[in-house]
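So the structure is just underneath, and the comments pick up after that.
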Amino acid sequence: MQEQMEVSLKEMLDFREKKVRLVENLRNEFADCILVSLGLNIPGPGKNNEEIFSVFMGAEKSLNKLLTEKKYKINKETIISEKAGNIAVFSLKTKAAEEVKAGLIDLEEGSGIGRLYDIDVYRPDGFQVSRSDIGKEERKCLICGKSAKVCGRSREHSVEELVKRTKEIISESLLCI
């Protein structure tokens, strides 16, 4: 897998701030709609390269296809791609945030590469729909299968282990393309 350029803490924080602003701007523009954001969970200081961007665009295509199949009207989609990562935010003309979240969890869990997808759903009031809101289990750790939150908080696995496993998942997915 191609090496990623390392991203500074400031670049990561700036990228997160761009996501927050993008979500706020779309929420203001489409007040009665829900928002769906798509990113990738990429551990370590390298957040983007050709392979990661390819995985992201594959995820965006799959998400777009699923939303279309479910007959959700997409008001607007905005994509940001830079050294610190990739994000796509969709505004959907529906208020069924919990229903949308349930369908998107299947996308995250439906394939090996889906485990790297980070899909968030925001209600029209701006609050995020969590997995527990719809009775779903927390995300699983990429390495051991336990709760990803528990492993992350306890630093159960090193960054190197997580980066290695992520590269394996990406390499496996690129073989299938």
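The values are calculated or read from the model by the stated rules, or taken from the named source; none is laboratory data. Keep in mind the model is a prediction, meaning the values are calculated, not measured. Ideal geometry is used to build each Cβ from the backbone, glycine not excepted, and the neighbour counts take in all protein chains shown. Heavy atoms of the whole protein, side chains included, go into the accessibility calculation; ligands, DNA and RNA do not. Shrake-Rupley method; radii C 1.70, N 1.55, O 1.52, S 1.80 Å.
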Diffing the stretch 28-43: the Karplus 3J(HN,Hα) column from phi (6.51, -1.76, 1.60, θ = phi - 60°), in whole Hz with x for Gly and Pro, holds 5, 6, 10, 4, 9, 10, 9, 10, 10, 10, 10, x, 10, 8, 10, x
Can you give the convex hull volume per residue for the Cα atoms of the chain, as a whole number of Å³? 114
Take R16 and V163, extend 7 Å from each Cα along the Cα→Cβ direction, and tell me the distance between the two endpoints in nm. 1.9
Before rounding to the nearest 500, sum -39500 (n - 2.57) across all DSSP H runs of length at least 4 in the chain and divide by the residue total; then give [θ] at 222 nm in deg cm²/dmol. -14500 deg cm²/dmol
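Distance check, please: which entries in K47/K70; K71/K149; K18/K47 exceed 25 angstrom between their Cα atoms?
Values: K47/K70 31 Å; K71/K149 33 Å; K18/K47 15 Å.
In this structure, K47/K70; K71/K149 lie more than 25 Å apart at Cα.
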Tell me which residues come under 5 Å, amide H to amide H, from D118 once H is placed; ignore anything under 5 positions away on its chain. G39, L40, N41
Could you compute how much accessible surface S81 exposes when probed at 1.4 Å, giving the result in Å² to the nearest 10? 60
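How long are the three semi-axes of the equivalent ellipsoid of the stretch 1-85, in whole Å, if each is the root of 5 times an eigenvalue of the C-alpha gyration tensor, listed from largest down?
On the way: eigenvalues 132, 63, 11 Å².
Working from the Cα gyration tensor, I get semi-axes of 26, 18, 7 Å.
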If the only charges are +1 at each Lys and Arg Cβ and -1 at each Asp and Glu Cβ, what is the size of the charge dipole of the stretch 1-53 around the Cα centre, to the nearest 20 debye? 200
Relative to the compact globular guide of 2.2 N^0.38 Å, what is the alpha carbon radius of gyration of the stretch 1-48, as a ratio? 1.45
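What whole-number value in Å² describes the accessible area per residue of the stretch 1-142 for a 1.4 Å probe?
Details: 7330 Å² over 142 residues.
Value returned for the stretch 1-142: 52 Å² of accessible area per residue.
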HN-Hα J couplings of the stretch 55-61 from phi, Karplus 6.51/-1.76/1.60, θ = phi - 60°, integer Hz, Gly and Pro as x? 4, 4, 5, x, 5, 4, 5
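At 1.4 Å probe size, put D106, D118 in order of accessible surface, largest to smallest. Don't skip to the answer; put the middle values down first.
Numbers: D106 95, D118 45 Å².
Greatest to least solvent exposure: D106, D118.
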Among G112, S8, S132 the positive-end extreme of the charge dipole of the chain (Cβ point charges): S132
Approximate spin-label separation F53-N75, in nm, with each point projected 7 Å along Cα-to-Cβ: 3.0
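Do you know the relative contact order of the chain, to the nearest whole percent, from alpha carbon pairs under 8 angstrom that are 6+ apart?
Working: 250 pairs, mean separation 46.2, N = 177.
This gives 26 percent for the chain.
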Can you list residues from other chains, or at least 5 along the same chain, whose modelled amide H is less than 5 Å from the amide H of C141? K146, S147, A148
What do the square roots of 5 times the Cα gyration tensor eigenvalues come to for the stretch 50-129, in whole Å, largest first, as semi-axes of the equivalent ellipsoid? 21, 15, 12
In the stretch 29-121, carbon and sulfur make up what percent of the accessible area (probe 1.4 Å)? 50
In degrees between 0 and 90, to the nearest 10, how far off the longest principal axis of the chain does helix 97-109 point, with axes built from Cα atoms? 30
If amide H atoms are built 1.01 Å from N in the plane of the peptide, which residues on other chains or at least 5 residues away come under 5 Å of the amide H of N48? M5
